[in-house]
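Right, one structure below, let's go through it.
The values are calculated or read from the model by the stated rules, or taken from the named source; none is laboratory data. Keep in mind that this is a model prediction, so the values were computed, not measured. A quick note on method: Cβ atoms are made from the backbone with ideal geometry, for glycine too, and the neighbour counts reach across all protein chains shown.
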Amino acid sequence: MITQLSNADLAQRDRNVLWHPCTQMKDHEAWPPIPIKRAEGVWLEDHDGHRYLDAISSWWVNLFGHANPRINQAIADQLGTLEQVMLSGFTHEPVVRLSERLVEITPTGLDRCFFADNGSCAVEIAMKMSFHYWLNCGKPGKKRFVNLANAYHGETLGALSVCDVPLYKKTYGPLLLDVITAPSPDCYHREAGQSWEDFSRQQFVEMEKILADQNEEICAVIVEPLVQGAGFMRMYHPIYLKLLREACDKYDVHLIADEIATGFGRTGTLFACEQANISPDFMCLSKGITGGYLPLSTVLTRENIYQAFYDDFTNLTGFLHSHSYTGNPLACQAAHATLDIFEQDNVIENNKKLAAIMGQATASFVDHPNIAEVRQTGMILAIEIVKNKQTKEPFPWQERRGRKAFRYAMDQGVLLRPMGDVIYFMPPYVINEEEIKLMAKVALESIDHALKDKR
Ligand code: PMP
């Protein structure tokens, strides 16, 4: 006999044995995790038959919908041939061809791929490679990293060191590397009437000074191009990246572009760096690379960096880093199917229409008395809820307004999952106009619900 599992059954069993990421588990006493049974397109369905529009692409990974037939097929085909082989001393066709394709579609000069299996590890790799490059070049003193205020780059210790979001970082501070933090180009706090370009330029002044004064001890600057994702979807102008590229060249410092969240079309171009017409020294990719199916990440870098490690074994200059599942063939095939969809379906052009619909659907939100800003970069749109619209004073974080909005929206069938009091949309690219309107309507209702007991 097949037993039908309910939400309550699974949630109870879950509470006995699981410990969930990014969660105060006690919160689940009041609101247990939702057991998802199946998913298709932009819709998730739980064990009690409720459906939820996945407005945040399941932590920003899903690009072309859940259970996408083309990606399903690619993985199924690979499954019968080769599921996994280690990438040290061995190779396989899916990873070779994927590297060729990534070199082709990423900005000029990024000609080598080093694989891993998640975003944080890609950041670790870029950091280690940068330091090790300078070491191999006889500059062991270049060992510090510069990050931006409000940055997020993952939560393993190296990646966490270059984060600046206190929620994730503060507790673990004693374990972390000492980094140099430059002001963020994030335009939320610009003066009234000041342009994004002007503000981002102004914020660069301090970065230039850091590079001018301390370049002998700095190996790399790491940034999330155009959108600081987990830092509340704060956005900035491409001019900052242009100025940063020039300064990194001038002061002999690497530029690491963490495109883990922004890559694969999220910001309106395939990669955010394209909007500044720059090419970094390291580009970290993950999340959307497999269409949101399987864990995979890669760091692309330049031939001259690769050559600095290329030597006789006995000189011990080789790059030492490995993960068991590096370059997994199933994940690589999911990536091929994802890149095929980009090639065949005119995705970037179609997304322009979807982005415009998202903008129109939320255009009136700026008049709301507790919405300080509605900002958008391509397929990412964020709504900042505040206590005081004039001063941008936030609600006390302990009031958890965003969480109230989240819970209300789930009851209406939309998965929004705000960060603090910022509600954002980052949907799969297969969303349609009607679904965008639903997402916007529920977002506004959820905000009003979360403000009900406003003091
Ligand atoms: N960098 C950025 C910009 C990210 O947004 C994330 C994930 N949210 C990471 C790194 C870390 O990726 P992962 O969760 O796969 O470790």
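The residues in segment 122-138 that are in contact (Cβ under 8 Å) with a residue 60 or more places away in the chain, over 17 Å from Val299 (Cα atoms) and either among the hydroxyl-bearing types (Ser, Thr, Tyr) or in a loop (DSSP other than H, G, I, E, B) (or both) can be counted, and the count is 1. Of all residues in segment 240-265, those being under 23 Å from the mean Cα position of the chain (by Cα) and on the phi > 0 side of the Ramachandran plot number 2. Residue-level check: of (1) in contact (Cβ under 8 Å) with a residue 40 or more places away in the chain; (2) more than 22 Å from Gln228 (Cα to Cα), Leu416 misses just (2).
Looking at Phe264, Phe309, which one is of a type in the set (Phe, Trp, Tyr), within 16 Å of the ligand (Cβ to nearest atom), part of a loop (DSSP other than H, G, I, E, B) and assigned by TED's automatic domain parsing to the domain that holds His336?
Working: Phe309 fails: within 16 Å of the ligand (Cβ to nearest atom).
Sole residue among the options that is of a type in the set (Phe, Trp, Tyr), within 16 Å of the ligand (Cβ to nearest atom), part of a loop (DSSP other than H, G, I, E, B) and assigned by TED's automatic domain parsing to the domain that holds His336: Phe264.
Residues in segment 164-176 that are without any contact (Cβ under 8 Å) to a residue 40 or more places away in the chain and either surrounded by 17 or more Cβ atoms within 10 Å (Cβ to Cβ) or not in a helix (DSSP H, G or I) (or both): Lys169, Leu176.
Residue check: is Arg407 more than 20 Å from Ala230 (Cβ to Cβ) and either surrounded by 20 or more Cβ atoms within 10 Å (Cβ to Cβ) or within 24 Å of the chain's Cα centre (by Cα) (or both)? So Arg407 passes the test. Restricting segment 279-328 to residues that are surrounded by fewer than 19 Cβ atoms within 10 Å (Cβ to Cβ) and touching a strand residue (DSSP E or B) at 6+ places or on another chain (Cβ under 7 Å) leaves a set whose member that is farthest from Leu226 (Cα to Cα) is His323.
Once segment 73-92 is narrowed to residues that are surrounded by 14 or more Cβ atoms within 10 Å (Cβ to Cβ) and either part of a helix (DSSP H, G or I) or within 22 Å of the chain's Cα centre (by Cα) (or both), the residue that is nearest to the ligand (Cβ to nearest atom) is Ile75. Of all the numbered requirements in (1) more than 24 Å from Thr391 (Cα to Cα); (2) away from the ligand (no atom under 16 Å from the Cβ); (3) outside any helix (DSSP H, G or I), Gln194 misses one, and that requirement is (1).
Give the residues of segment 62-80 that are touching a residue at least 12 places away in the same chain (Cβ under 8 Å) and more than 23 Å from Cys273 (Cβ to Cβ), sorted by residue number. Spell out how you get there, then give the answer.
Going residue by residue through segment 62-80, those that are touching a residue at least 12 places away in the same chain (Cβ under 8 Å) are 62-68, 70-71, 73-75, 77-79.
Residues satisfying the conditions are Gly65, His66, Ala67, Asn68, Arg70, Ile71, Gln73, Ala74, Ile75, Asp77, Gln78, Leu79.
Within the option set Val386, Val430, Val442, Val422, being surrounded by 13 or more Cβ atoms within 10 Å (Cβ to Cβ) and touching a Pro at 6+ places or on another chain (Cβ under 6 Å) holds for one residue only, Val386.
I'd like to verify a number: residues in segment 4-51 that are part of a loop (DSSP other than H, G, I, E, B) and surrounded by 11 or more Cβ atoms within 10 Å (Cβ to Cβ), how many?
Step one: of segment 4-51, the residues part of a loop (DSSP other than H, G, I, E, B) are 4-6, 18-26, 31-35, 42, 47-50.
Now drop any that are not surrounded by 11 or more Cβ atoms within 10 Å (Cβ to Cβ), which leaves 5-6, 18, 20, 23, 25, 31-35, 42, 47-48, 50.
Number of matching residues: 15.
Say whether the condition of being free of Cβ contacts under 8 Å to residues at least 40 places away in the same chain, assigned by TED's automatic domain parsing to the domain that holds Cys284, within 13 Å of the ligand (Cβ to nearest atom) and part of a helix (DSSP H, G or I) is met by at least one residue in segment 144-157. Yes, some residue in segment 144-157 is free of Cβ contacts under 8 Å to residues at least 40 places away in the same chain, assigned by TED's automatic domain parsing to the domain that holds Cys284, within 13 Å of the ligand (Cβ to nearest atom) and part of a helix (DSSP H, G or I).
Confirm whether Gln390 is more than 21 Å from Met426 (Cα to Cα) and of a type in the set (S, T, N, Q). So Gln390 fits the description; yes.
When Leu110, Leu102 are checked against the criterion of being in a loop (DSSP other than H, G, I, E, B), surrounded by 13 or more Cβ atoms within 10 Å (Cβ to Cβ) and not aromatic (Phe, Trp, Tyr), Leu110 stands alone in meeting it.
Taken over segment 324-371, the criterion of being in contact (Cβ under 8 Å) with a residue 40 or more places away in the chain, out of contact with any helix residue (DSSP H, G or I) (no Cβ under 6 Å at 6 or more places or on another chain) and not in a helix (DSSP H, G or I) is satisfied by Ser324, Tyr325, Thr326, Asn328, His368, Asn370.
If we scan segment 242-260, do we find a residue that is among the hydroxyl-bearing types (Ser, Thr, Tyr), farther than 23 Å from Ile383 by Cβ and within 12 Å of the ligand (Cβ to nearest atom)? Explain how you work it out, then say what you get.
First pass over segment 242-260, keeping only residues among the hydroxyl-bearing types (Ser, Thr, Tyr): 251.
Checking the rest, the ones that are also farther than 23 Å from Ile383 by Cβ come to 251.
Filter again for within 12 Å of the ligand (Cβ to nearest atom), leaving none.
Checked segment 242-260: no residue is among the hydroxyl-bearing types (Ser, Thr, Tyr), farther than 23 Å from Ile383 by Cβ and within 12 Å of the ligand (Cβ to nearest atom).
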